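Trainee: Following this message is one structure expressed as structure tokens.
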Ligand SMILES: Cc1cc2nc3c(=O)[nH]c(=O)nc-3n(C[C@H](O)[C@H](O)[C@H](O)COP(=O)(O)OP(=O)(O)OC[C@H]3O[C@@H](n4cnc5c(N)ncnc54)[C@H](O)[C@@H]3O)c2cc1C
Ligand code: FES
Ligand code: FES
């Protein structure tokens, strides 16, 4: 039974409001659902993320833990009250200027927490700023830009946009930045028709269990307000789904058996109160739990229960690469290093849980969801409903972080089933624990590797074996199995290589795509081995790397010759002064410090942009309407990483017009072409190139209409295009021209599919058309008695081909570093045990150090204006660099990520014993 | 229908509590996280509207901390160095949002083994005041928190205040917390110390360790060993794990093994003592 409603009055942003609500209702729910103030976000409903931070009588509080009954007669301030008359407040301007909002889901909470501080302390110190923001989590920015913004509220915002032809390379402010700062941005949970029903998924409470479902009709009859209880018996289309075209193995709803905790069993649909009031235990489901198979050791053991009957030995798939003769080369090597490592499940921990709404429109399905992959979602939704792909429309909402975790289907399933069968709009927002239990994770890896080199420090061989825990279903397990063997050497010339991977099925939640697809895990092994080899050769770790890194014309482990855009050595060269200085400083520090020890470590990385040796085209379109409006049909999902800004920059320069006149339509599968997924660091490279081609196509059409030469200047004015070529000037009158269904009179189209050659059985081929390169240096301070590691600073250098937007690149690098730091030091998802942001720790504002970035531009001829990707590259080297630094500081080699204080302390004690 | 009451007087609250079992709600920072995705259908007694329950007052023989006093109230209160440890703990409870609404009393009643309030309050010799239908009673904190999520509170009682006895004017205190990240973190171990000096040496010491047993514990062996020791940077350096053995019984969990907890608890004790001896507080901080 719920608590009786009461009338409550208080003020919100200065205006009196009264609501009729249960006094126990969370203030955030009243703000969002009763008062329509959706600027305040919900990330956990448990105080752990701070996304819901508002000011109550001037003090920051989590609105998810304030009973609205306590607000009676008090004053609430939300993000909506910050600016005046549509203008940004100085604090919001500072956020905009510093790129402090990426996806923007944490931004309202950050702003309110900062507001409390600035109200009492107008000129705070960095420490005060951090203390004030300590209770708000951000998964995108790495926090430093946010702190910079709070310390720079007096700054003025320069909003001038670059001239025609000068957009690429400009540190353009986020085009979609403002709504993220005012709270207007609409994320998955922020909007739905007022008459929407709510749905909730009843999930398996056990990791492995048989179950039977009783009389659902009777259950429904006993719960007025419940419109439907959907089970696997009610599926209109495919019973299984999955991200790959073949091998679909994920039940739409579980059928008598569950393979991981959190698997969907039933969908409840009804009014909000009814659906929320039903406890899982109330449902007629009879569970017979079985011992779950957790960890690759258990899954690969003799006689282990099979997670899937058709997957003997619990092996989903494997990857293999062989070049030269690794055994002979290792036998002949002057120095050999070997070791074993293990990593943990890592949760994406985007601050926005999965959410959305859907409705049936005639015989079509329309779905508004937070997603990284609208077209892939469209095809999967069509399959589970048994309808044509064209009959599904995916309209993505703003995405509050993805990092690979919002590629797979999540809320799509209940929304599609419920809206389709009931023909009513339906909405859903996942709670944090169910999001964490049901969504994909980074694969834990158990890895063994051996590397060899000659006495003068030239790498001769690498052998790598990795078992990757892929959880209960395929998801992107095969991608990890494929990508790791290609990348396991790191960006070095290694003539003899043998890499083997296995994706192992267990009863954990599915491991899928997560920034780097297994490469960050693998690089922990190879980079540590190279440090050891350097030591054996008497070489400095950076010099050892310089000796071995791949350069122009170098051959990769897959036999690919890299002709262009290989700025790896430059990344090391540019950081060498810092390296030399900080290594010496650490040594000097340690001479006078017994307990605290400092160390400096380094790691290189490379990462192929795009899918591995299979097609992955993008198509982009840009049109001009009869009245002269330019529209970029931008099918690239912006999940905070910036394509809503970068694609227009590329488009503007391709056409030769200023970027600020380009309007956009974002990722609506009815209106934009398929630009593929926002994954695999492919969007800047692949869709960026498609955008350039579309812009150039439009430019060519305009020049042809005007009958002028290639160098002509284009100016678009209302209803006309003015083209000037030397002294000649032509005007194209758009108003009389025929329009297409979108109202465009001219349309430029571009499609790009990076050229690759599929890998053969030995992993030889051209898996990627281009690679991103980079390196990071980490300086740490280890408390050797407690085992705590404080990262003091990160230096990061990247060859990005061409820096389309240096500010956004900086932001991506910061965010990747923060996630890499989390992987290295604290993040460990344990199925059934750490399903919230209280027990599962991600870095807070106090954990991310200053980051100094260096951008190298070795142009990639295939990329847009020479550019390539950064999204995943930014994270990959951080863990290995931190582990190298811990070793430098203490002599302890971390073999188990995360290096929690307990593990670091144990490793230090072990060095003293042996 | 479940009920929600928010009385303005203690008498009213106690009468309601005597009438029917009610869940007490203060800052809600333990209440709401325990109900994510679950219906909010408890019968609730919200005590935050009760007059006179919030605030810290000096009654001459000691301080009274009212039940709805928040962590921020403690941080902002004008209190002698005896309370430095409690203030340090307050600054490390969650983030500022938690400190602004979370109460000390809620922290004690919730009785988590990792409750950051318990060690400093144990080291302050705090007593708990409970009011019920038959009047009020006082219990030493150590007799109030009985186990993981278990207290001596009767269902019809309300924790109305904490009482901190006066200590020597020159008493000093500290608190050290170990967690796996900077903010918003559950303690792996934490230590609170109060020292009353006497002639440049330790007159008396009260040391408590949390997160290393079901309930935070005072360390009698350590306290005895410290008596009469010179009050300088060497203070406590002779303390080893052996001094802790009888008092704490750590478990192994995701945050660390039992051995590790013994090890770091002893380190934290030594650090807090050494720093107090040297006139500081014990965080090892170096400039970057
Ligand atoms: C994100 C987050 C971080 C946190 N970090 C920390 C931390 O670092 N360290 C830490 O120790 N705790 C932490 N907590 C836990 C919590 O904030 C504290 O325990 C807080 O002090 C609880 O106080 P409250 O007033 O909010 O309690 P409430 O949630 O209102 O109540 C807690 C419990 O005590 C009972 N209760 C409350 N007041 C009384 C009373 N006067 N008489 C009888 N029973 C009462 C309630 O019925 C309930 O069972 C954290 C919580 C969150 C959400
Ligand atoms: S939603 Fe309130 S703290 Fe996460
Ligand atoms: S910008 Fe902070 S979570 Fe995305």
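The values are calculated or read from the model by the stated rules, or taken from the named source; none is laboratory data. Note that the structure is a prediction, hence the values are computed from the model and not measured. Note that each Cβ is placed from the backbone with ideal geometry, even for glycine, and that neighbours are counted across all protein chains shown.
Trainee: Hey, which of the strands (runs of 3 or more DSSP E) in the range A:37-121, taking only ones fully inside, have at least 2 residues that are touching a helix residue (DSSP H, G or I) at 6+ places or on another chain (Cβ under 7 Å), closer than 23 Å to residue A:10 by Cβ and within 16 Å of ligand 1 (Cβ to nearest atom)?
Mentor: Those strands (runs of 3 or more DSSP E) span A:53-56, A:59-62.
Trainee: While we're here: In the list B:41, B:78, which residue meets the criterion of being free of Cβ contacts under 8 Å to residues at least 60 places away in the same chain, surrounded by fewer than 21 Cβ atoms within 10 Å (Cβ to Cβ) and within 13 Å of chain A (Cβ to nearest Cβ)?
Mentor: The unique qualifying residue is B:41.
Trainee: Tell me, which residue of the range A:97-147 that is within 14 Å of ligand 3 (Cβ to nearest atom) and over 21 Å from the mean Cα position of the chain (by Cα) is farthest from residue A:45 (Cα to Cα)?
Mentor: For the range A:97-147, the residue satisfying everything is A:147.
Trainee: Follow-up. Quick check on my filter: what residues within the range B:89-111 are within 11 Å of another protein chain (Cβ to nearest Cβ) and away from ligand 3 (no atom under 16 Å from the Cβ)?
Mentor: B:91, B:92, B:93, B:94, B:96, B:97, B:98, B:99, B:100, B:101, B:102
Trainee: When only residues in the range A:417-435 that are in a helix (DSSP H, G or I) and within 11 Å of chain B (Cβ to nearest Cβ) count, which is surrounded by the most Cβ atoms within 10 Å (Cβ to Cβ)?
Mentor: A:435
Trainee: On to the next question. Where residues in the range B:25-40 are more than 16 Å from ligand 2 (Cβ to nearest atom) and in contact with a helix residue (DSSP H, G or I) (Cβ under 7 Å, 6 or more places away or on another chain), which of them is nearest to residue A:3 (Cα to Cα)?
Mentor: Looking at the filtered set, the residue picked out is B:39.
Trainee: To continue, here is another question. Does at least one position in the range A:300-307 carry a residue that is crowded, with 17+ Cβ neighbours inside 10 Å and in the same structural domain as residue A:224 (by TED's automatic domain parsing)?
Mentor: No, the conditions are met nowhere in the range A:300-307.
Trainee: Cβ-Cβ below 6 Å, separation at least six or inter-chain, first residue in the range A:42-57 and within 6 Å of ligand 2 (Cβ to nearest atom), second in a strand (DSSP E or B): which pairs?
Mentor: Qualifying pairs under 6 Å: A:47/A:62; A:52/A:62.
Trainee: On to the next question. Looking at residue B:202, is it over 20 Å from the mean Cα position of the chain (by Cα), buried (at least 21 other Cβ atoms within 10 Å of the Cβ) and touching a residue at least 24 places away in the same chain (Cβ under 8 Å)?
Mentor: yes
Trainee: Now, a different point. From the list A:803, A:796, pick out the single residue that is in contact (Cβ under 8 Å) with a residue 40 or more places away in the chain, surrounded by fewer than 24 Cβ atoms within 10 Å (Cβ to Cβ), touching a strand residue (DSSP E or B) at 6+ places or on another chain (Cβ under 9 Å) and away from chain B (no Cβ under 14 Å).
Mentor: A:803
Trainee: Looking at (1) touching a helix residue (DSSP H, G or I) at 6+ places or on another chain (Cβ under 9 Å); (2) closer than 24 Å to residue A:120 by Cα; (3) not in a loop (DSSP other than H, G, I, E, B), which one does residue A:11 not meet, given that it meets all the others?
Mentor: Among (1) touching a helix residue (DSSP H, G or I) at 6+ places or on another chain (Cβ under 9 Å); (2) closer than 24 Å to residue A:120 by Cα; (3) not in a loop (DSSP other than H, G, I, E, B), residue A:11 violates only (1).
Trainee: Where in the range A:584-658 are there strands (runs of 3 or more DSSP E), lying wholly inside it, with at least 1 residues that are free of Cβ contacts under 8 Å to residues at least 12 places away in the same chain and buried (at least 24 other Cβ atoms within 10 Å of the Cβ)?
Mentor: Those strands (runs of 3 or more DSSP E) do not exist here; none qualify.
Trainee: Please verify whether the range B:176-189 includes one or more residues that are more than 14 Å from every other protein chain (Cβ to nearest Cβ), at pLDDT 95 or above and either crowded, with 20+ Cβ neighbours inside 10 Å or in contact with a strand residue (DSSP E or B) (Cβ under 8 Å, 6 or more places away or on another chain) (or both).
Mentor: No, the conditions are met nowhere in the range B:176-189.
Trainee: Could you grab the pairs with beta carbons closer than 8 Å, sequence gap of 6+ or different chains, first residue in the range B:104-122 and on the phi > 0 side of the Ramachandran plot, second one surrounded by fewer than 24 Cβ atoms within 10 Å (Cβ to Cβ) and modelled with pLDDT of 95 or more?
Mentor: B:111/B:146; B:111/B:147; B:111/B:148; B:111/B:149; B:111/B:150; B:111/B:151; B:111/B:215
Trainee: Do we find a residue being in contact with a helix residue (DSSP H, G or I) (Cβ under 6 Å, 6 or more places away or on another chain), away from ligand 3 (no atom under 16 Å from the Cβ) and within 10 Å of chain A (Cβ to nearest Cβ) anywhere in the range B:49-61?
Mentor: no
Trainee: Right, here's the next one. Regarding residue A:78, is this residue crowded, with 19+ Cβ neighbours inside 10 Å, closer than 19 Å to residue A:59 by Cα and within 23 Å of the chain's Cα centre (by Cα)?
Mentor: no
Trainee: Please enumerate the residues belonging to the range A:10-28 that are more than 7 Å from ligand 2 (Cβ to nearest atom) and either at the interface with another protein chain (Cβ under 10 Å from one of its Cβ atoms) or surrounded by 24 or more Cβ atoms within 10 Å (Cβ to Cβ) (or both).
Mentor: Of everything in the range A:10-28, those that are more than 7 Å from ligand 2 (Cβ to nearest atom) and either at the interface with another protein chain (Cβ under 10 Å from one of its Cβ atoms) or surrounded by 24 or more Cβ atoms within 10 Å (Cβ to Cβ) (or both) turn out to be A:22, A:23, A:24, A:25, A:26, A:27.
Trainee: If the requirement is being on the phi > 0 side of the Ramachandran plot, part of a loop (DSSP other than H, G, I, E, B) and out of contact with any strand residue (DSSP E or B) (no Cβ under 8 Å at 6 or more places or on another chain), which of these qualifies: A:142, A:169?
Mentor: Of the residues listed, the single one that is on the phi > 0 side of the Ramachandran plot, part of a loop (DSSP other than H, G, I, E, B) and out of contact with any strand residue (DSSP E or B) (no Cβ under 8 Å at 6 or more places or on another chain) is A:169.
Trainee: Being surrounded by 22 or more Cβ atoms within 10 Å (Cβ to Cβ) and touching a strand residue (DSSP E or B) at 6+ places or on another chain (Cβ under 7 Å) is the filter here, so list the residues in the range A:255-276 that pass it.
Mentor: Within the range A:255-276, A:258, A:260, A:262, A:263, A:264, A:265, A:266, A:267, A:268, A:269, A:270 qualify.
Trainee: Out of A:149, A:100, A:154, A:129, report the one residue that is more than 16 Å from ligand 2 (Cβ to nearest atom) and within 13 Å of chain B (Cβ to nearest Cβ).
Mentor: After ruling out the rest, the residue left standing is A:129.
Trainee: Can you find even one residue in the range A:838-853 that is outside any loop (DSSP other than H, G, I, E, B) and within 14 Å of chain B (Cβ to nearest Cβ)?
Mentor: Yes, the conditions are met somewhere in the range A:838-853.
Trainee: Now for a different question. Which ranges mark the strands (runs of 3 or more DSSP E) fully within the range A:666-739 that have 3 or more residues being closer than 20 Å to residue A:652 by Cβ?
Mentor: A:713-717, A:720-725
Trainee: Please specify each residue of the range A:890-914 satisfying the condition of being without any contact (Cβ under 8 Å) to a residue 40 or more places away in the chain and at the interface with chain B (Cβ under 10 Å from one of its Cβ atoms).
Mentor: A:909
Trainee: Can you find even one residue in the range B:128-140 that is within 30 Å of residue A:116 (Cα to Cα), crowded, with 24+ Cβ neighbours inside 10 Å, in contact (Cβ under 8 Å) with a residue 24 or more places away in the chain and away from chain A (no Cβ under 14 Å)?
Mentor: Within the range B:128-140, none of the residues are within 30 Å of residue A:116 (Cα to Cα), crowded, with 24+ Cβ neighbours inside 10 Å, in contact (Cβ under 8 Å) with a residue 24 or more places away in the chain and away from chain A (no Cβ under 14 Å).
Trainee: Looking at the range A:717-735, which of its residues are touching a residue at least 60 places away in the same chain (Cβ under 8 Å) and out of contact with any strand residue (DSSP E or B) (no Cβ under 6 Å at 6 or more places or on another chain)?
Mentor: Within the range A:717-735, A:717, A:718, A:719, A:735 qualify.
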